């Protein structure tokens, strides 16, 4: 059962619905963390709304470090697995064993070992940023949940978005 519609103040378009179970269903991908909350929303629904905005902003921060596109996550995962395995094998193997590494080496003019080491460095950088983003997102959720009123919930949402924005 739907509790509230979330309306974009500039366009008047419905962008989301707050459901009775506390979930937020997004109707439009044009929803941003700056979207204002409906004025008649009770504190519990408002907390859900603000936590969802924090989640959306965390996703946008992650996208600063990982290109968007279909299959990108899976490609990065395969490259990371190949790089770990290739290094564990003493940087030995063939294109049949490690197609991502060898094809990237051919495309870039680097050695397979250079490509492997670059991938592993990038994986570590992504883990560092990703874990920081996730910790800040979770901290924002906890602080929003602890808010005693709408003003405090809004302040905690804004603090979480500010902290997330410091990641690059």
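Here are some notes:
- Spin-label model, residue 135/residue 60: points 7 Å from Cα along the beta carbon direction are separated by 2.4 nm.
- Distance between modelled label sites at residue 151 and residue 103, nm, 7 Å Cα→Cβ extension: 5.8 nm
Every read-out reported here was derived from the displayed coordinates using simple, explicitly stated rules and does not represent laboratory data. These figures come from a predicted structure and were not determined experimentally. Using ideal geometry, Cβ is built from the backbone for each residue, glycine included, and neighbour counts are taken over all protein chains shown.
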